[in-house]
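Asker: Encoded as structure tokens, here's the structure I'll be asking about.
The values are calculated or read from the model by the stated rules, or taken from the named source; none is laboratory data. All values derive from a computational prediction rather than experimental measurement. Neighbour counts are summed over all protein chains in view; Cβ atoms, including those assigned to glycine, are modelled from backbone coordinates with ideal geometry. What goes into the accessible areas is simple: the full protein's heavy atoms, side chains included, and nothing from ligands, DNA or RNA. Shrake-Rupley method; radii C 1.70, N 1.55, O 1.52, S 1.80 Å.
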Amino acid sequence: MTDMHQDRAARGAAIVELFQSEASADQALDVRVMRALCYVSEVHATDADPLCEGLPGLRDALVDLLHHADGWHHPESVLGAALSATDSLPAGWAAAYRAYDTLPRTARLETSGTSDLHELGDIVGAATEILMAAAAQYEGSPVALVDEAEERFCEEREQARFAAIREARS
């Protein structure tokens with residue numbers, strides 16, 4: 001694969017590592033949204049500040065996760081599970097976040113408890129937080145973000161595959 005794919009996969013791995021190190025310590029909804037914004041800024045998924053970058057920064061972080069999961073998990077598995085987890089959050093949670101209101105309680109966040117960066121549950125957990133940030137911080141549609149991320153990932157993966165084949169044949 002090309003360097004771009006490897007760089008994006010490395011950033012995706014860093015996102016999962018951050019999720020694993022912090023998710024079990026605090027699982028409050030507002031903290032999860034802020035952690036997703038850190039995936040953009042601290043992991044350097046983009047060059048811009050996440051609060052200025054908005055939905056494109058979150059989309060890029062989600063694409064980084066897909067590059068990291070590539071070869072281990074199918075993109076639809078990761079994205080479908082993250083959408084399902086987002087759909088299961090209490091009604092009105094995103095509006096409550098934006099209004100600085102008391103957030104509804106949610107089920108306990110389960111992490112794998114391992115350091116395996118390819119653990120599906122942890123990749124899905126990080127992806128879920130990205131979708132949560134899109135909905136809560138920017139009033140974005142998680143479904144639209146998933147569609148954009150999957151399309152961009154597939155294009156980039158195809159470019160990397162094409163470059164690898166071309167290099168092997170030359």
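Asker: If we scan segment 138-153, do we find a residue that is under 21 Å from Leu58 (Cα atoms), open to solvent by less than 20 Å² (accessible area, probe 1.4 Å) and more than 17 Å from the chain's Cα centre (by Cα)?
Answerer: No, that holds for no residue.
Asker: Please indicate, with yes or no, whether at least one residue in segment 78-91 is farther than 12 Å from Val16 by Cβ, touching a residue at least 60 places away in the same chain (Cβ under 8 Å), open to solvent by less than 20 Å² (accessible area, probe 1.4 Å) and not in a loop (DSSP other than H, G, I, E, B).
Answerer: Within segment 78-91, one or more residues are farther than 12 Å from Val16 by Cβ, touching a residue at least 60 places away in the same chain (Cβ under 8 Å), open to solvent by less than 20 Å² (accessible area, probe 1.4 Å) and not in a loop (DSSP other than H, G, I, E, B).
Asker: Criterion first (of a type in the set (Gly, Ala, Ser), open to solvent by 10 Å² or more (accessible area, probe 1.4 Å) and at pLDDT 90 or above) does Gly12 satisfy it?
Answerer: Considered against the rule, which asks whether it is of a type in the set (Gly, Ala, Ser), open to solvent by 10 Å² or more (accessible area, probe 1.4 Å) and at pLDDT 90 or above, Gly12 comes out as no.
Asker: Right, something else. Could you tell me which of the residues Gly113, Gly140 is outside any helix (DSSP H, G or I), over 18 Å from Leu29 (Cβ atoms) and not aromatic (Phe, Trp, Tyr)?
Answerer: Just a single option satisfies the conditions, and that option is Gly113.
Asker: Additional query: Restrict the check to segment 59-70 and report whether at least one residue is at pLDDT below 90 and either open to solvent by less than 70 Å² (accessible area, probe 1.4 Å) or under 15 Å from Glu150 (Cβ atoms) (or both).
Answerer: no
Asker: Moving to a separate point now. So, in segment 95-104, of the ones that are touching a Leu at 6+ places or on another chain (Cβ under 9 Å) and not in a loop (DSSP other than H, G, I, E, B), which residue ends up surrounded by the most Cβ atoms within 10 Å (Cβ to Cβ)?
Answerer: Filtering first and then ranking leaves Tyr97.
Asker: Being charged (D, E, K, R), outside any helix (DSSP H, G or I) and either more than 15 Å from Asp147 (Cβ to Cβ) or modelled with pLDDT under 90 (or both): is that true of Asp47 here?
Answerer: Here the answer is yes, as Asp47 does meet what is asked.
Asker: Pairs, please: C-beta under 7 Å, at least 6 apart or cross-chain, first residue hydrophobic (A, V, I, L, M, F, W, C) and in segment 10-21, second open to solvent by 30 Å² or more (accessible area, probe 1.4 Å) and assigned to a helix (DSSP H, G or I)?
Answerer: Listed by first residue and then by second, the contacts come to Leu18/Cys38.
Asker: May I pose another question? Return yes or no: is Thr102 over 14 Å from the mean Cα position of the chain (by Cα) and within 20 Å of Leu18 (Cα to Cα)?
Answerer: Criteria not met by Thr102.
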